[in-house]
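Comments concern the structure below.
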Amino acid sequence: MKSLYLHVNPITCAGHGLCAELLPEAVRLDDWGYPMVDPSPVSPRILGHARRAVAACPTLAFALRATPVRRLISPRVDEAGENDKSH
Amino acid sequence: MDLAVRGGVLGSPRLLAGPGRDITESLAPHLDRLGDPLGAVGTTSPRELIQRIRASGLRGRGGGGFPVGEKLAAVAAGAGVGNRAIVVANASESEPASAKDRFLLSVRPHLVIDGIEVAARAVGARQAYICVSQRSEQAVFALRQALLERREARLLPVPVEVVLAAPTFVGGDETALLSWIAGGAPSPTVVPPLPAHKGLTGHPTLVQNAESLAHLALIARFGPDWFRRVGTEEEPGTMLVTVSGCVTSAGVYETPIGANLEDILEASGWSVETEVILVGGYFGSWVSRQDAGVKALSRASLASCGASPGAGVILAMPKTACGVKETAEVVDWLAAESSGQCGPCVHGLSAVAACLTRLASPASARRADLGRLLRWCTEIEGRGACRHPDGVIKLVRSCLQVFGPEVEAHRSGRCFGSYEGWLPLPATTQQVR
């Protein structure tokens, strides 16, 4: 079976915290109530719970996708993934 | 007042070559000196042109150092009939301690325009923009004048529209820039999609720093082998750096990549009082004077002390200043410059700023604050839509590392320096509003 990964859209996420409530196995809240998500593939054991947590997100910011969460290979980030900024 | 008051060179200049380093070169002398860039490119196919840029090893000069040829190839691959690529030159230069893009536009505007035209040819664009900082009237004037000259001389096959950059720090981010050009707020968007795949109005968009485009124009003329004659194997060419702080000759210098950091500071007349150097800008790192003696201005050399050349900011600070206080002021400013979209950035950075400010003073430094700060750094990193939080965290980490003894001193009630305001802090976006 194909691995699935949890994603958070940081712009639409408003920190309701339902994801951490429904899926404590993979989500923990930071000091301000925003989710910190386990980047590893979702274990089949909790996949059902993950789907329910995704469905419960009031701002549709929580998602399950077949692509892993990684630092984006943006033209601003070099191959080593080091962060920098232009402007 | 603007930083860019004068230009200097180490070794033989390329971008700043030609007569009168501090005056605007108009079209006629530019053509006499270098000829028509597209004429030089001749019948070279876009594919060959991109191959030439790839072979040159040119990396972006905006801070990220991404290979320019790869980016061109990605944009060209996504473009096609009915889905034309767009070229955007980024000269928004919102980094407060940088002035090199504005300086380049003020003195060699045609070189940047050449780069835009060559890049447009390479990716098949028929539309181009240049987003320029409002901080230098001279740069905006020189650019507009240069575009007028070229239109009259019919040397502007792809029209270039000038857009004044948003007066915000985050506005220089690629996705924020595109949102701003499209008429929206200068706020970053979630990637993917990358601008190279789906940028302005959904078209594949090449966003390239102004200096990178000027180098690109010279590579198109003189070839990749010529370009590689200067610089290092991994990072060929020259780069523009903005040197400021406790130096007698602050300004924009063109230097080969791989030049000794100390030589650059020597050329700009650094003070014997210099204790530390901020390298790379506000998303950069502090480098001790001792390290500056042995480090070269290259990603490879600076990586060993956690730094990188970034967009070429080099700021010298004397030992009378307290590095923690100076950094805390900048972090506070950067926190306020968040575009306000992502929770970890909005709340996290303001908490980080407050924590670092407490550690900056013997009156308020608490043991628990250091542990808390380090935990927040780990937790916040990578959780914004753009890299604003990551850049700030990088600066905070560097501060804790290089000024560790100062933080310790503050915790035991002592302080060896004071706040002297070496790092420029423009009015924040909130104040502008």
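Worth a mention:
- B:ARG299 meets the conditions (1) of a type outside the set (Phe, Trp, Tyr); (2) within 14 Å of chain A (Cβ to nearest Cβ); (3) farther than 25 Å from B:ALA99 by Cβ in every case but one. The failed one is (3).
- Candidates in the range A:12-53 are the residues that are free of Cβ contacts under 8 Å to residues at least 12 places away in the same chain and within 13 Å of another protein chain (Cβ to nearest Cβ); of these, the one that is surrounded by the most Cβ atoms within 10 Å (Cβ to Cβ) is A:ASP30.
- Residue check for B:VAL392: among the hydrophobic types (A, V, I, L, M, F, W, C), over 20 Å from B:THR168 (Cα atoms), crowded, with 19+ Cβ neighbours inside 10 Å and not assigned by TED's automatic domain parsing to the domain that holds B:SER212: no
- Unique match (being more than 25 Å from B:VAL123 (Cβ to Cβ), within 13 Å of chain A (Cβ to nearest Cβ) and either at pLDDT 95 or above or touching a helix residue (DSSP H, G or I) at 6+ places or on another chain (Cβ under 6 Å) (or both)) among B:THR232, B:THR242: B:THR242
- Listed by position, the helices (runs of 4 or more DSSP H) inside the range B:282-393 whose residues that are more than 30 Å from A:LEU29 (Cα to Cα) and not aromatic (Phe, Trp, Tyr) number at least 2 are B:289-294, B:299-303, B:323-336.
- When residues of the range A:1-11 are limited to those that are aliphatic (A, V, I, L, M) and more than 18 Å from B:VAL190 (Cβ to Cβ), the one farthest from the other protein chains (Cβ to nearest Cβ): A:MET1
- Residues located in the range B:163-178, provided they are among the polar types (S, T, N, Q) and closer than 12 Å to B:VAL207 by Cβ: B:THR175
- Check on B:GLY382, in contact with a Pro (Cβ under 9 Å, 6 or more places away or on another chain) and in contact (Cβ under 8 Å) with a residue 12 or more places away in the chain: no
- Matching residues, the range B:326-336, being surrounded by fewer than 21 Cβ atoms within 10 Å (Cβ to Cβ), out of contact with any Pro (no Cβ under 9 Å at 6 or more places or on another chain) and touching a residue at least 40 places away in the same chain (Cβ under 8 Å): B:GLU329, B:ALA336
- Within the range B:166-178, none of the residues are more than 26 Å from B:TRP422 (Cα to Cα), surrounded by fewer than 18 Cβ atoms within 10 Å (Cβ to Cβ) and among the small types (Gly, Ala, Ser).
The values are calculated or read from the model by the stated rules, or taken from the named source; none is laboratory data. Bear in mind that the values here come from a model prediction, so they are computed numbers and not experimental data. Note that we place each Cβ from the backbone using ideal geometry, even for glycine, and neighbour counts take in every protein chain shown.
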